[in-house]
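Novice: Next up is a structure, given as structure tokens.
We did not get these values from a lab; they are worked out from the coordinates using the rules stated. Predicted model only: the values in this text are computed from it and were never measured. Here the Cβ positions follow ideal geometry from the backbone for every residue, glycine too, while neighbour counts run over all protein chains shown.
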Amino acid sequence: MELFWYIVLMCMLAIYVILDGYDFGAGIIHLFFAKKEKDKKAITNAIGPFWDANEVWLIAAGGVLFFAFPTLYASSFSGFYLPLIIILWLLIFRAVGLELRGQIHNKMWESIWDKAFGISSLLLALFFGVALGNVVRGVNLGNVVNGVSTHEAHYFFLPLWNPTFSPQTEQLGIIDWFTLLLGIIGVVSLTIHGANWIIFKTNSNLNNKLKRIVFNLNFVLLGLIVISLLIWHIIEPKPFHNFLSNPWLWIFPVITLIGVLGLFNVKGFKKDGYGFLFSSLFLFGGLTSTVASIFPKVLPSTNTVNPDLTIYNVAAHDYGLSVGVYWFIIAIILVIAYFTIQYRVFKGKMDDVGYGEH
Amino acid sequence: MEDMLFYDRMQFAFTITFHYLFPQLTMGLSLMIVYFKWKFLRTKIDKYNDAAKFWMKIFALNFAMGVVTGIPMEFQFGTNWAKFSELTGGIIGQTLAMEGMFSFFLESSFLGLFLFGEKLLGHKLHFVTGFLVFLGSWASGYLIIATHSWMQYPVGYEILENGKFVLNNFSALFSNPWLLPSYLHNQLASIITSSFVVSAVGAFYLLNKKHTEFGKLFVKTGVIFGLISSVLVAFPTGDWTAKNVAKHQPVTFAAMEGIFETEEGGSEIVLIGQPNVLEKKLDNKIAVPNVLSFLTYQKWDAQIKGLNEFNEEDYPTNIPGLYYAYHIMVGLGTIFIGIMLLANIQLFREKLYKTKWILWGLMFMLPFPYIANTTGWYTAELGRQPWLVYNLLRTAEGASPTVSSGNTLFTLLGFIGLYLLLGLLFLILAGKIINKGPQLNQS
């Protein structure tokens, strides 16, 4: 039962990253590469009718986490208190920027909300990468000081950073050089992903430029991934032990590789949607490979006093988990139906939707 | 430690109060937009479709505010109330996860279609998408009230040795006797908000002599919906809800009614007075003898337990706050019935659109249903204190153990600043939409 809900949760998170990921990426493109009003319009049209429903995957995944793994929800949400609240503020700014920009036609008003939308998208991409870094690196569960827990074994609290920015000390911070590296990978990969979405959904003049950007950034991405793999042993001495004992798990890294290598052909794709497909594969593979490498841990302990949090010691009781399967299956069928309808109605290029005009 | 709990409570209270200003209009207004659209489909008179499209603009803005202020609510169970989440997540996580899966996806998927899809879909399908948005928002309310009801009146659970609450009966969560009365009461209250908003905007147009066709339509629709919902919110649903409190939370009932001492021969109903908790009495009291006993038990001499019969440690933490919240809600509810009754009499006599003092009254009533909804929720929430889960888990036991008061105050101040900005933007933009008014024959 725990395993079932773990897979459900990871799939929901992966869907969230793929869907809202292109929103964030579009925001980053908007910030750095869209200079003309027409290009900006194309970008907001491409994500306008979707971003709200995409963000629901985060809320729904949060709900499933709360329901299926309440101890993990309690431990991680209170322990990562500051970054989570900051993420909330950024999500608010981003949504407000997107929705309010078109309400008043004034250059200053528009450029303020453009910046709010772009910068918060960039920071969110960074923070989500940092968050993944924190999960795989682990935290000081029980806030152990000199070998003694100062809190219950599954609670902790992390400041935003510690003075050394090192992932190897006892008193960790949210941002250290390791998590920051994953944050940068997050920004680069979501920028590529967002560009692919814009290419897919618009006929904007930007598209050719975006293909070049995707091509170039893909080298950066590949380089960053190689670096991260080379240093991974610093936070986890045996990063491949799960893959060695369960060879079928290699499918996830292979998916990642197909995604990233496929993107090098971005200029030659016959259909505009292929790029988006490959970057989605990359995101899905990258996320699943990362969590598979620490399975069944969901939040490792960096001290030897308190045990890791695994899916087995943070889950809700069996009856609740079983009864949840019934309503979840009904709900997920409905959700798939909604998304099919939504994406079918808004299929094809989105240049004429006129999003945000009142 | 005390500080920490105080800031945790302040942050939740502030963010939920601000958040709920928006969903109450979302739920009520979606019903009225569906009504306008339905009216258009039946009569083919463009006015109704234009009215629906006008309110959709307000709705879209309001909905966006509800979404962005709603996400923090789901996070804060974990960030600020970790111990509560850990202990009860197996139960309230059910209803909260269901809310995400069943209603948020429904609302958000079809909202995009509803707002941008009229041309693509045609009027009938457009009506259907509107109806589905309405359904999603009402389902969301239902699952939230189901969660709330479990905290007020826990059912279907057992408590393990380690203190964790475990679900042992899923359907009990939905047959909870607290749920249906609270849900109906709350939904009617949200229709009151939308009725007053719609009639206030209509009155504004009539008094300004612009968009008068729409002014008449909005005032008429608003006061009819308003009268029905104002009456039903008091009786039977308000009455029903109060009886639940009297039965299951007698100490709360005593505090909210301001009954410090049990009275032999029946309790009076307090209309006005200030609770003096130190001396355990009401100052400057105006009360009517025996009425409370009659309203609660239909017997003039029924005994109602006063606060003197309970342990002080089980008293609601903020007795004056609870008492005022309840009395403000009831007082405003009575005024709503009065003004809506007058407006409907004038409507029936076909004089409403020329009766200026009622139009002014309707316009200035705009903020008050928001106050009544808010104080109603304060009555429920302050009334549950000092418990998170009634009689089982105290509020002080639910807070996050590792989050310091300095960090909570930091985020509380941040939320206050950010929400003030949001509120200001909302008012400016809603004002702009209202001032511009409905556009004729857009379809």
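Novice: Classify the range B:123-201 as rounded, prolate or oblate from the Cα gyration tensor: take a ≥ b ≥ c as the square roots of its eigenvalues, call it rounded if a/c is under 1.5, otherwise prolate when a/b beats b/c and oblate if not. Kindly include the intermediate steps, with their values, before the conclusion.
Specialist: Numbers: a/c = 3.72, a/b = 2.11, b/c = 1.77.
Because a/c hits 1.5 or more and a/b exceeds b/c, the range B:123-201 counts as prolate.
Novice: Let me ask another. Counting trypsin sites (Lys or Arg not before Pro) as exposed when in a DSSP loop with at most 13 other beta carbons within 10 Å, what is the longest stretch of chain B free of them?
Specialist: Values: sites that count: B:Lys44, B:Lys209, B:Lys210, B:Lys280, B:Lys299, B:Arg349, B:Lys351.
The longest uninterrupted stretch comes out as B:45-208.
Novice: Can you check what the net charge comes to around A:Ala125, using other residues whose Cβ is under 12 Å from the Cβ of A:Ala125 (Lys, Arg +1; Asp, Glu -1)? Write down the numbers at each step before the final one.
Specialist: Values: positive: A:Arg94; negative: A:Asp20, A:Asp23.
Combined, the nearby Lys, Arg, Asp and Glu give -1.
Novice: Compute from the Cα atoms of chain B the Rg and the Dmax, the latter being the longest Cα-Cα distance, and quote both in angstrom.
Specialist: Looking at chain B, its Cα Rg and Dmax stand at 22.9, 69 Å.
Novice: For the range A:1-156, what class follows from the C-alpha gyration tensor (a ≥ b ≥ c being the square roots of its eigenvalues): rounded when a/c is under 1.5, otherwise prolate if a/b is larger than b/c, else oblate?
Specialist: Details: a/c = 2.90, a/b = 1.99, b/c = 1.46.
It comes out prolate by the Cα gyration axes.
Novice: What's the longest piece of chain B with no exposed GluC sites (Glu not before Pro), counting a site as exposed if DSSP puts it in a loop and it has at most 11 other beta carbons within 10 Å? Walk me through the numbers before you get to the answer.
Specialist: Values: sites that count: B:Glu161, B:Glu264, B:Glu279, B:Glu350.
Result, exposed sites excluded: B:1-160.
Novice: What is the sum of charges, Lys and Arg at +1 and Asp and Glu at -1, for the other residues whose Cβ falls under 11 Å from the Cβ of A:Ile311? All intermediate terms of the calculation are to be shown ahead of the outcome.
Specialist: On the way: positive: A:Lys297; negative: A:Glu2, A:Asp308.
Local charge sum for A:Ile311: -1.
Novice: Next question. Go from 0 up to the bin containing the longest alpha carbon distance in the range A:2-345, width 20 Å each, and give me the % of pairs per bin.
Specialist: Cα pair-distance distribution for the range A:2-345, in percent: 29, 58, 13, 0.
Novice: Now, a different point. Give me a single rounded figure for A:82-95: the average over its residues of other chain Cβ atoms within 10 Å of their Cβ.
Specialist: Numbers: counts 5, 0, 6, 13, 2, 2, 14, 7, 0, 5, 11, 4, 1, 5.
Neighbouring Cβ atoms belonging to other protein chains average 5 per residue here.
Novice: Now, a different point. What list of ³J(HN,Hα) couplings, whole Hz, do you get for the range A:296-304 from phi and the Karplus terms 6.51, -1.76, 1.60, once you set θ to phi - 60° and write x for glycine and proline?
Specialist: x, 5, 10, 8, x, 8, 8, 10, 9
Novice: Limiting things to C-alpha atoms, what are the Rg and the maximum Cα-Cα separation (Dmax) for the range B:185-397, in angstroms?
Specialist: When restricted to the Cα atoms of the range B:185-397, Rg and Dmax are 19.7, 60 Å.
Novice: Moving on. Sorting B:Ser171, A:Ser280, B:Ser405, B:Ser400 on the 10 Å Cβ count, fewest up front, what's the list? Display every interim value, and only then the final one.
Specialist: Values: B:Ser171 10, A:Ser280 22, B:Ser405 16, B:Ser400 29.
Listing B:Ser171, A:Ser280, B:Ser405, B:Ser400 from fewest to most nearby Cβ atoms yields B:Ser171, B:Ser405, A:Ser280, B:Ser400.
Novice: Follow-up question, since we're still on this one. Using a 10 Å cut-off around each Cβ, can you sort A:Thr150, B:Thr69 from fewest to most neighbouring Cβ atoms? Write out the running numbers ahead of the final one.
Specialist: Values: A:Thr150 15, B:Thr69 24.
Fewest to most other Cβ atoms nearby, the residues stand as A:Thr150, B:Thr69.
Novice: Related question: Only counting other Cβ atoms within 10 Å, I'd like B:Tyr370, A:Tyr22, B:Tyr7, A:Tyr312 sorted with the fewest neighbours first.
Specialist: A:Tyr312, B:Tyr370, B:Tyr7, A:Tyr22
Novice: So, counting K/R as plus one and D/E as minus one, what does the shell of residues with Cβ under 12 Å around A:Glu37 add up to? Walk me through the numbers before you get to the answer.
Specialist: Details: positive: A:Lys35, A:Lys36, A:Lys38, A:Lys40, A:Lys41, A:Arg101, A:Lys107; negative: A:Asp39, A:Glu110, A:Asp114.
Once positives and negatives cancel, what remains is +4.
Novice: Whose amide H sits under 5 Å from the amide H of A:Ile311, counting only residues 5 or more places off or on another chain, with H placed in the peptide plane?
Specialist: Long-range HN contacts for A:Ile311: A:Val298.
Novice: Amide H to amide H, which residues 5 or more places from B:Ile269 or on other chains are under 5 Å from it, using H placed in the peptide plane?
Specialist: Distant-sequence amide H within range of B:Ile269: B:Val288, B:Asn290, B:Val291, B:Leu292.
Novice: Stick to the Cα atoms of the range B:75-117, pair each with every other, and give me the Kirkwood hydrodynamic radius in Å at one decimal. Provide the component values of the computation, followed by the final result.
Specialist: Values: mean 1/r = 0.0838 Å⁻¹.
Mean inverse Cα-Cα distance, inverted, gives 11.9 Å.
Novice: What ³J(HN,Hα) values, in whole Hz, does the Karplus curve 6.51 cos²θ - 1.76 cosθ + 1.60 give for the range B:137-143 when θ = phi - 60°, with x put for Gly and Pro?
Specialist: 5, 6, 5, 4, x, 4, 6
Novice: Under 1.5 on a/c is rounded, so check that first for the protein assembly as shown, then, if it is not, pick prolate when a/b is larger than b/c and oblate when it is not; a ≥ b ≥ c are the square roots of the alpha carbon gyration tensor eigenvalues. Display every interim value, and only then the final one.
Specialist: Working: a/c = 2.18, a/b = 1.26, b/c = 1.73.
Oblate.
Novice: A further question on this structure: Could you point to the residue in B:Pro177, B:Tyr205, B:Asn290 farthest towards the positive end of chain B's charge dipole, with +1 and -1 charges on the Cβ of Lys/Arg and Asp/Glu respectively?
Specialist: So the residue we want is B:Tyr205.
Novice: So what does log10 I(q)/I(0) come out to for the range A:101-200 at q = 0.18, 0.22 Å⁻¹, using the Debye formula with one equal point on every Cα and no solvent?
Specialist: -0.87, -1.07
Novice: Measuring from the lowest to the highest alpha carbon on each principal axis, how far does the range B:310-415 reach, largest first, in angstroms?
Specialist: 63, 39, 19
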